[in-house]
Amino acid sequence: MPHGPIAAASRPPMAAVATRRTVTGNRLRDGVPVYFAGAGRWSPAVAEARHVAEAEAGALLAEALAGPPPHPVIAPYLIEAVLRDGRLVPLGLREEIRAFGPTVRPAES
Amino acid sequence: MPLLKDGRVGDDPWRHPDDAESLPDDAPATVSLARWRTERDALARRAGRIGLRLPNDVSPLELAEDVGRFGLITLAFPRFTDGRAYSQARLLRARLGFRGELRATGNVLRDQLLFMRRCGIDAFEVGERALAENWPAALGEFDVFYQPGEDGRPWIARQRAAG
Amino acid sequence: MYRYDEFDRRFLEERVAQYRDQVRRRLAGQLSEDEFRPLRLMNGLYLQLHAYMLRIAIPYGSLSPAKLRVLARIARRYDRGYGHFTTRQNIQFNWIKLEETPDILAELAAVEMHSIQTSGNCIRNTTADPFAGAADDEIEDPRPWCEIIRQWSTLHPEFSFLPRKFKIAVSAAATDRAAVRLHDIGLYLRRNAAGEVGFEVLVGGGLGRTPMIAKTLRDFLPKHRLLAYLEAILRVYNEFGRRDNLYKSRIKILVQALGIDKMRDAVEREFGAMGESALPLPPATVAAIAAHFAPPTLAAPGADDETELARALAQAPALARWVRYNVAPHRAAGHAIVTVSLKPPGRPPGDASAAQMELLADLAERYSQGEIRATYEQNLVLPHVRRRDLPALWRHLGEAGLATANAGLASDIISCPGLDYCSLANARSIPVAERLSRHLAARDQEIGELHIKISGCINACGHHHVGHIGILGVDKNGEEFYQITIGGSADENAALGAIVGPAVPSAAVTGAVDTLIGVYLDLRREGERFPDTYRRIGAAPFKEALYAAA
Ligand code: HEM
Ligand code: SF4
């Protein structure tokens, strides 16, 4: 599986790049990592995630958590991300792997 | 709190006064283990039925002499992960021959009822959801058991022997 | 192999129906995640980084072709075409959808499989010697006892909410191929002075944050008292095991706190109080289960079998090498036990594709009496192969990439899924294993037996503590680092490895392992394996070589 951003993104962000905040979690029905896209919508594509500055993070999470049970996403939480060449990249290896998939190729099927 | 017993959800006829309160004369009542230990003789002479609230970190074997006096023993399940009272229940039934009501209290969940029942617990303190979610049905989800139990239902060794 | 009777089948149908209803209640919003998590975990369903992960029990490692074909089908239909064999003789699927899990469990039930108790604080899948019933060094087949334990532990009403997970392993052989001493309870079938066969019972082994080797609780337990004795141990553990701290709640910590002698007193007291008639195992019951494991009828070897084989070996050095490392002696003349390596160099350890599983099912039917075993070393075994058939089997395996001749060698690496899949990981494991196996494969023969084991965090799913060389992923300020231990061993002389020094960055792991191997090759004496050399010379030469340069 191609895994472009890993190596570059695991470096700490350069001071000039402002950290953004976005909300993620795993979807209840299939466990797929999804990102809050606003207006009640969740997307498996991190590119569609709504992202805000630190100050608005709490409000974004509250909006993402709203709604009657069952919530379509298990335990949504805030993560940090940066915009790199206009592309949203989550910070930290774990979140990167969640967003872009395993860094290894499984057995041939 | 509603009580699930004999396949029905109903009211609890027992009172559970704390150690500072005096016991009701007319109603059956439970006491803490500490109170039982200090007021044992007086409590034993009491007219109304007496029950024991057994904490889950005391071995029932310590009460071997006394269990016959209780009409009810309540067991504590503070969290679903804390399963000490399952062993207490089996020891009370199988080792000490306790015949009164054994009641699960605390965080009692639908999907644990059958484990509890198999260990000899025959009453369950449950929340209001128990009716809406048909908790009594959980006790009938299996009729094959790989271990002997304390609820009188046959286990697999006997079923197999019977062919 | 054990075949379900009508009761086993009914039980499993009831279980699938119960689980289907639990999933329905969750998806309908009647159960919160907090309420549902323990229920799904009791059916082996975890939530991982990319999806749910389903862990399916392979009881004591035994598989039939029909079972393996259903695993292949699940891989294709519900996953991404492959599965991961684990160190606990389970298989894990990494890309599972919650809403499909009831159907998966129904497919498994049709071939007498399930995922019950592959997670949770209960008695887990009982593991056993993968060579059981075939090995030339065992005193009797341990599988009937594993099956007896499996049934007794299934939804045990008293022991399903223990302080922590509980693992039992059984072996009846001189060589321990089941890592018995690393289990909460380890059972060795032994013969006593009077010639009777019974169990040596060990307790308190385990890996994780505080690794420990099990100690002997009882030298000899008559076989028919097995379940009563297990119950006595579990009752003591359920009463006294710690529940205040996740990391101190395994039985090993209780054994450590009480000391083995007090532990023994407590267990024996309970065992005595239970009485002779508790949980009886009448001979007829045992015999009925043992009948399922009757040895296969193996043809007597043909007169020219060995000369044929010798000719094939002489013609194909690759075949000869494979026979040397992946083929073990069988108790029946003219037969052999074949290890099918799931460790091709540079690939994820323990993974098998659906096509590979299907091929193995076919080959097991054709060459191995319809039996396949999973090993804790994340390989598969064909236990009953006629020696004459070895060249043909090897060719078929080779066509599917399954003939890697490295069983027990340096490139036969154990690795957990690590950060590529696991939500608990600190660092990746599989890429480290891939780099190492690619690098070491060419030197496998020169190095000889060597067990490298990798875990992505301290939970130790990859058994790093007991690797000859163990590698543990740690997180240092967001960077992947790896702590290296040496001198561990998982066999009958089980030992925990010692940390050699500060953790090294990911890029330095292969070099570090090379250096350690270099010291071993320089200083080993004839016939010494890595841990033997380590025990003789100590850690100092390894530490010096590794850290002096820096
Ligand atoms: C990918 C999801 C997995 C999760 C979430 C997971 C979780 C855990 C946890 C929390 C422990 C520590 C238990 C304790 O300390 O008491 C553990 C131990 C263990 N796991 Fe896993 N594991 C996973 C995969 C695996 C795999 C793939 C294997 C086999 C390759 C495995 C085999 C084991 C073993 C052998 C232990 C050590 C047992 C012991 O402490 O005695 N697990 N696992
Ligand atoms: S050792 Fe840690 S990283 Fe590896 S599978 Fe187990 S829990 Fe996950």
In the list B:R90, B:R99, which residue meets the criterion of being in contact with a Gly (Cβ under 9 Å, 6 or more places away or on another chain), within 10 Å of another protein chain (Cβ to nearest Cβ) and open to solvent by 20 Å² or more (accessible area, probe 1.4 Å)? B:R90
Among what's in region C:112-128 and is within 22 Å of C:R225 (Cβ to Cβ) and away from chain B (no Cβ under 14 Å), pick the residue that is farthest from ligand 1 (Cβ to nearest atom). C:A128
So, first residue in the same structural domain as C:S171 (by TED's automatic domain parsing) and at pLDDT 95 or above in region C:493-514, second residue polar (S, T, N, Q) and open to solvent by 60 Å² or more (accessible area, probe 1.4 Å), Cβ within less than 8 Å, six or more apart or across chains; the pairs are none
Note: among C:I517, C:I454, C:I471, just one is part of a helix (DSSP H, G or I), modelled with pLDDT of 95 or more and under 19 Å from C:G408 (Cβ atoms), namely C:I517
Per-region count, region C:323-343, residues within 14 Å of chain A (Cβ to nearest Cβ) and in contact with a helix residue (DSSP H, G or I) (Cβ under 8 Å, 6 or more places away or on another chain): 3
Only one of C:R269, C:R250 is within 30 Å of C:V236 (Cβ to Cβ) and within 16 Å of ligand 2 (Cβ to nearest atom). Can you tell me which? C:R250
Elements of type strands (runs of 3 or more DSSP E) contained in region B:13-123, each with 2 or more residues being of a type outside the set (G, A, S) and within 29 Å of C:L234 (Cα to Cα): B:50-54, B:72-77, B:101-106
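One line per residue, one yes/no per condition, for (1) open to solvent by 10 Å² or more (accessible area, probe 1.4 Å); (2) more than 10 Å from chain C (Cβ to nearest Cβ); (3) closer than 30 Å to C:L71 by Cα; (4) not in a loop (DSSP other than H, G, I, E, B):
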residue	(1), (2), (3), (4)
A:A47	yes, yes, no, yes
A:R50	yes, yes, no, no
A:A57	no, yes, no, yes
A:E63	yes, yes, no, yes
A:P70	yes, no, no, no
A:A75	yes, no, no, yes
A:L83	yes, yes, no, yes
A:V104	no, no, yes, no
Being open to solvent by less than 10 Å² (accessible area, probe 1.4 Å) and away from ligand 2 (no atom under 13 Å from the Cβ) is the filter; apply it to region C:440-466 and report the residue that is farthest from C:G346 (Cα to Cα). C:V466
Taking the conditions exactly as written (within 14 Å of chain A (Cβ to nearest Cβ) and within 16 Å of ligand 2 (Cβ to nearest atom)), does C:N426 satisfy them or not? yes
What do you reckon, is C:D141 over 29 Å from C:E14 (Cα atoms), open to solvent by 10 Å² or more (accessible area, probe 1.4 Å) and at pLDDT 95 or above? yes
Kindly evaluate C:G470 against the criterion of being open to solvent by less than 20 Å² (accessible area, probe 1.4 Å), within 14 Å of chain A (Cβ to nearest Cβ) and either in contact with a helix residue (DSSP H, G or I) (Cβ under 8 Å, 6 or more places away or on another chain) or within 13 Å of ligand 1 (Cβ to nearest atom) (or both). no
Please go through region C:434-463 and pick out each residue that is near ligand 1 (Cβ under 10 Å from one of its atoms), away from every other protein chain (no Cβ under 14 Å) and not basic (K, R). C:S455, C:I458, C:N459, C:A460, C:C461, C:G462, C:H463
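For (1) more than 16 Å from ligand 1 (Cβ to nearest atom); (2) free of Cβ contacts under 8 Å to residues at least 24 places away in the same chain; (3) buried (at least 24 other Cβ atoms within 10 Å of the Cβ); (4) in a loop (DSSP other than H, G, I, E, B), each residue gets a yes or a no:
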residue	(1), (2), (3), (4)
C:L402	yes, no, no, yes
C:N406	yes, no, yes, yes
C:D412	no, no, yes, yes
C:N426	no, no, no, yes
C:V432	no, no, yes, no
Condition met for C:T101 (within 16 Å of ligand 2 (Cβ to nearest atom) and either in contact (Cβ under 8 Å) with a residue 12 or more places away in the chain or open to solvent by less than 10 Å² (accessible area, probe 1.4 Å) (or both)): no
Condition check for B:F124: more than 12 Å from the chain's Cα centre (by Cα), touching a residue at least 24 places away in the same chain (Cβ under 8 Å) and surrounded by 15 or more Cβ atoms within 10 Å (Cβ to Cβ): no
In contact with a strand residue (DSSP E or B) (Cβ under 8 Å, 6 or more places away or on another chain) and surrounded by fewer than 16 Cβ atoms within 10 Å (Cβ to Cβ): is that true of C:A310 in this structure? no
Name the one entry in B:R99, B:R90 that is farther than 30 Å from C:E35 by Cβ and within 11 Å of the chain's Cα centre (by Cα). B:R99
If I ask for residues that are within 11 Å of chain C (Cβ to nearest Cβ) and surrounded by fewer than 18 Cβ atoms within 10 Å (Cβ to Cβ), which ones from region A:85-102 would you list? A:G92, A:G101
C:D491 - would you say it is within 15 Å of ligand 2 (Cβ to nearest atom) and open to solvent by 20 Å² or more (accessible area, probe 1.4 Å)? no
Would you pick out the residues in region C:286-296 that are within 14 Å of chain B (Cβ to nearest Cβ) and free of Cβ contacts under 8 Å to residues at least 12 places away in the same chain? C:A287, C:A288, C:A291
Looking at this structure, is C:A320 free of Cβ contacts under 8 Å to residues at least 12 places away in the same chain, touching a helix residue (DSSP H, G or I) at 6+ places or on another chain (Cβ under 9 Å) and either open to solvent by 10 Å² or more (accessible area, probe 1.4 Å) or outside the structural domain of C:E140 (by TED's automatic domain parsing) (or both)? yes
Name the pairs whose Cβ atoms lie under 9 Å apart, with the first residue in region B:43-64 and within 12 Å of chain C (Cβ to nearest Cβ) and within 14 Å of B:L75 (Cα to Cα), the second assigned to a loop (DSSP other than H, G, I, E, B) and open to solvent by 50 Å² or more (accessible area, probe 1.4 Å), and 6 or more positions between them or separate chains? B:N56/B:P78
Strands (runs of 3 or more DSSP E) (entirely within region C:184-274) containing at least 2 residues that are in contact (Cβ under 8 Å) with a residue 24 or more places away in the chain and within 16 Å of ligand 1 (Cβ to nearest atom): C:185-191
Listed residues C:A495, C:A503; which is within 16 Å of ligand 1 (Cβ to nearest atom), in contact with a Lys or Arg (Cβ under 9 Å, 6 or more places away or on another chain) and more than 14 Å from chain A (Cβ to nearest Cβ)? C:A495
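The values are calculated or read from the model by the stated rules, or taken from the named source; none is laboratory data. Just so it is clear, the model here is predicted, and its values are computed rather than measured. All Cβ positions, even for glycine, are placed from backbone atoms using ideal geometry, and neighbour counts span all protein chains on display. Accessible surface areas use protein heavy atoms only, side chains included; no ligands, DNA or RNA. Shrake-Rupley method; radii C 1.70, N 1.55, O 1.52, S 1.80 Å.
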